[in-house]
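Let me begin by presenting the structure, written as structure tokens, before commenting on it.
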Amino acid sequence: MEHPAIEARGLSRSYGRVKAISNLGLTIAPGEKVVLIGPNGSGKTTLIKLLSTLIRPTSGTLKLFGKDTASHGAQLRRRVGVLLHEPLLYNRLTALENLQFYSKMFNVPNEDRRIWELAEEMEIGDLLKTRVDSLSHGQRKRVSILRALLHDPPILLLDEPDAGLDQTAVQGLVKLVSRNGRTVVMSTHNLESGLSMAQRVIVLKKGKVIMDVDREVLDGANLDLGYEALVTG
Ligand code: ADP
Ligand code: MG
């Protein structure tokens with residue numbers, strides 16, 4: 001049988017006495033698109049960082065494609081692309097120089113061609129030669145998204161990618177990231193834009209999954225009311 005793309009068991013991560021993620025179990029099949037919602041502090045960013053292997057669990061196990069992240073971290077990191085709030089770009093380099101740098105790190109073949117192709121799709125071709133510190137917030141975000149896609153990762157993790165992007169950019173982004181049977185886990189404050197790309201909705205609260213449903217269940221009437229009831233209080 002095919003391994004799940006993501007499989008967490010008893011996954012916990014604490015910061016001091018704060019349990020940011022608490023005994024979380026989760027299985028995500030290859031190609032699934034999952035949107036992660038929940039109030040501030042519910043653990044969305046922590047979960048995305050755990051899945052990206054950027055931080056380690058305090059306890060529990062996390063496997064990607066059947067391999068334990070504790071023992072296969074370096075190998076698995078290459079199969080994951082991640083977008084965090086921090087753009088992870090060097091301000092004093094141009095967008096292109098940044099992307100070339102990451103391409104080398106990931107051994108991306110035909111790097112320049114790959115960068116220009118993706119830049120066309122994201123409509124930032126004309127920005128590539130601009131220094132990052134001269135780009136707007138939204139433009140930096142698009143460069144960061146491109147960076148996360150450079151090595152064509154089978155798992156893509158996006159922490160609130162829609163924050164600071166206009167609606168057209170969000171739609172382009174959703175199309176681009178959802179391709180090729182890629183597994184996508186994306187957190188968002190905007191349930192509507194989340195639902196436009198997800199089949200599955202996971203609601204976190206206090207570091208636990210309190211709801212895990214097919215998007216069809218959430219479609220239809222009173223979506224916003226339901227969402228508010230879920231994530232507040
Ligand atoms: P969300 O992304 O859903 O807002 P986070 O994962 O950022 O949630 O935070 C979950 C909990 O962990 C919060 O209580 C937050 O204060 C705490 N936390 C997150 N990152 C850190 C950190 N680096 N140091 C200390 N506490 C943290
Ligand atoms: Mg967050």
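Label-to-label distance for residue 9 and residue 72 is 1.5 nm, based on points extended 7 Å past Cα in the beta-carbon direction.
Exposed loop sites, defined as trypsin sites (Lys or Arg not before Pro) outside DSSP H, G, I, E and B with at most 16 other Cβ atoms within 10 Å, are absent from the longest region of the chain, namely 18-77.
What's the FRET efficiency of residue 18 with residue 136 using the Cβ-Cβ distance as r and R₀ = 45 Å, to the nearest 0.05? E(calc), rounded to 0.05, equals 0.85.
Length gained on full extension, residue 1 to residue 91: 27.9 nm, using 0.36 nm per residue less the C-alpha separation.
For region 128-173, just say rounded, prolate or oblate: build the C-alpha gyration tensor, square-root its eigenvalues into a ≥ b ≥ c, call rounded for a/c under 1.5, and beyond that prolate if a/b exceeds b/c, oblate if not. Taking the square roots of the gyration eigenvalues as a ≥ b ≥ c, region 128-173 is oblate.
Loop-located chymotrypsin sites (Phe, Trp or Tyr not before Pro) across region 75-104 with a Cβ neighbour count of 15 or fewer within 10 Å are 90, with loop assigned by DSSP. Think of each Lys and Arg Cβ as +1 and each Asp and Glu Cβ as -1; about the Cα centre, that makes the dipole of region 29-135 roughly 580 debye. With only Cα atoms counted, the chain has Rg and Dmax values of 17.5, 51 Å. For region 182-198, putting each phi into the Karplus relation 6.51 cos²θ - 1.76 cosθ + 1.60 with θ = phi - 60° gives couplings of 5, 8, 10, 10, 9, 8, 7, 8, 9, 4, 4, 5, x, 5, 5, 10, 9 Hz, in residue order, rounded to whole numbers and with x for Gly and Pro. Between the exposed loop cleavage positions of the chain, defined as GluC sites (Glu not before Pro) in a non-H, G, I, E, B DSSP state with at most 12 neighbouring beta-carbon atoms within 10 angstrom, the longest gap is 3-122. Remark on residue 200: its backbone amide H falls under 5 Å from those of 33, 35, 215, a criterion applied only to residues 5 or more positions apart or on other chains, H modelled at 1.01 Å from N. Between the beta carbons of residue 59 and residue 163, assuming R0 = 35 Å, the FRET efficiency works out to 0.70 to the nearest 0.05.
Note on region 67-106 and region 140-193: Cα centroid distance 15 Å, given to the nearest whole angstrom. Taking amide hydrogens as placed 1.01 Å from N in the peptide plane, the amide H of residue 24 sits under 5 Å from those of 10, 11, 12, each at least 5 positions away in sequence or on another chain.
No lab work stands behind these numbers, since they all come straight from the coordinates. Please read these numbers as outputs of a predicted model, since none were measured by experiment. Cβ atoms come from the backbone with ideal geometry, glycine included; neighbour counts cover every protein chain shown.
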